[in-house]
Amino acid sequence: MKLSDLGEFGFIERLARYAGTDDPRVICGIGDDCAVIESGRPGKVLLVTTDLLQEGVHFEDATGPPRLLGRKALVTGLSDIAAMGGVPMFFSVSLSVPPDTSVSWVEEVYAGLGERAAASKTALIGGDTTASLKDRSLSVTVIGECPQDEVVYRRNARPGEAIFVTGNPGESAAGLRLLRARAAGGPGAPGASGEESEDFDHLTARHLDPEPRLFAGRRLAADRHASAMIDVSDGVAADLGHILEGSRVGAVLDARLLPVSASLQRACARLALDPVILGLSGGEDYELLFTAPASLDEKALSRSLELAVTRIGRISDGPARLEIRDARDRVISLAGGGFDHFRT
Ligand code: ADP
Ligand code: MG
């Protein structure tokens, strides 16, 4: 059997079976955005998350500079800390690069890591460096902290609750497609009109330099508003699927409610893509997707999180199935559903 037969998530499930632990200091092991472990400090737990960025899969020289790669490498971990409601504290970095890599490339990666570290008050505490034969990879582990009774898991969504998302999912995927199209001389190529080039700058920045939603994640946890939460790394539909499986509930998403920014709408028209499909299945948004009482008002929530929040659906009684309805109340089916490392 090959990994592509299992898929990324089938593989992780299998791993958890073999490598699961009954150590009581592990409050939550494999299966959420971060592991949750005892801190030794009363009332506080540690959060730990690791992410790996691989050349040719997550990044390529043609689409982004190394400083932004460094920024994004830390943000992928910060975003997982945000999705548990925590505060980041420390990080380590492992780097695998061929010997002919220029020193300035590595320095730029670290400059980017340093910028995001300073902005989030997260301290570099170590890492590892090895030579690789060909491609480059960068792995970041972030350690954070959270009051134990405020940690937001994927497993506590309840029927009747509303589903909310921050920002504009799909913009990152549109940005990536624009970068690829530009490399091939398509929309967004130098010399494009003012609006087209503004859209290009905005959407490619969402892909290359996403924001970790740390303030919003912490606030949702401290105010006890979010019952379940995940960050959108694989796409809204796929990541909501993880909440549904974890919580053993179903969900109905109303595709008409999905926020579509003007720049996403225009870029999709130029690329001949459906912005709603991109919003549901595009990955690497690093927005927060969470469930909360249906009585919560999205405007009040947006004010308190200092970030646009949109209600996109509701949690229903199990089974863990996601139903997506379009403007004519027809069920939409998403082939593939989201990003899976072994199936794309
Ligand atoms: P995220 O997208 O939030 O970073 P992933 O989908 O990568 O989360 O991982 C889901 C869960 O599986 C996490 O708990 C993670 O720690 C665990 N996991 C992923 N890959 C491995 C691995 N190779 N070994 C052990 N645990 C893993
Ligand atoms: Mg995550």
Determine which aspartates and glutamates satisfy two conditions relative to LYS2: a Cα distance under 19 Å, and not lying fewer than 8 residues away in the same chain.
GLU13, ASP340
Segment 233-244 - phi-based ³J(HN,Hα) in whole Hz, Karplus 6.51/-1.76/1.60, Gly and Pro as x:
10, 9, x, 4, 5, 5, 6, 5, x, 5, 5, 5
Euclidean distance between Cα centres, segment 1-64 to segment 126-198, Å:
17
Could you tell me the calculated FRET efficiency between MET1 and ALA320, based on Cβ-Cβ distance and R0 = 25 angstrom, to the nearest 0.05?
0.55
Quick one: if you stick a label point 7 Å off each Cα along the C-beta vector at SER302 and ASP22, how many nm between them?
5.0
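Take each of the peptides 77-89, 259-271, 114-126, average the number of other beta-carbon atoms within 10 Å over its residues, and list them starting from the highest.
The most tightly packed comes first, giving 77-89, 259-271, 114-126.
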Packing-based order for 27-40, 153-166, 63-76, using average beta carbon neighbours within 10 Å, highest first
63-76, 153-166, 27-40
Based on the Cβ-Cβ distance from ALA111 to LEU15, what FRET efficiency comes out when R0 is 30 Å, to the nearest 0.05?
0.30
Leaving ligands and nucleic acids out of the surface, order LEU176, LEU133 by accessible area at 1.4 Å, largest first.
LEU133, LEU176
Quick one: what are the phi-derived ³J(HN,Hα) couplings along segment 158-166, Karplus 6.51/-1.76/1.60 with θ = phi - 60°, whole Hz, x for glycine and proline?
10, x, x, 6, 8, 10, 10, 9, 8
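Which value, in debye to the nearest 20, describes the size of the charge dipole of segment 161-261 about its Cα centre when Lys and Arg Cβ atoms bear +1, Asp and Glu Cβ atoms bear -1, and nothing else is charged?
Dipole of segment 161-261, to the nearest 20 debye: 240 debye.
Please give the length that would be gained between ASP274 and ASP128 if that part of the chain were fully extended, namely 0.36 nm times their separation in residues minus their C-alpha to C-alpha distance (nm, one decimal). Walk me through the intermediate numbers first.
On the way: separation 146, 0.36 × 146 = 52.56 nm, distance 4.21 nm.
Contour length minus the Cα-Cα distance gives 48.4 nm.
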Theoretical FRET efficiency, 1/(1+(r/R0)^6), r = Cβ-Cβ of ARG330 and ALA62, R0 35 Å, to 0.05
0.35
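The values are calculated or read from the model by the stated rules, or taken from the named source; none is laboratory data. Since the structure is predicted, the reported quantities are computational estimates derived from the model, not experimental observations. Ideal geometry is used to build each Cβ from the backbone, glycine not excepted, and the neighbour counts take in all protein chains shown. The protein model used for the area step is the full one, side chains on, heavy atoms only, and it has no ligands, DNA or RNA in it. Shrake-Rupley method; radii C 1.70, N 1.55, O 1.52, S 1.80 Å.
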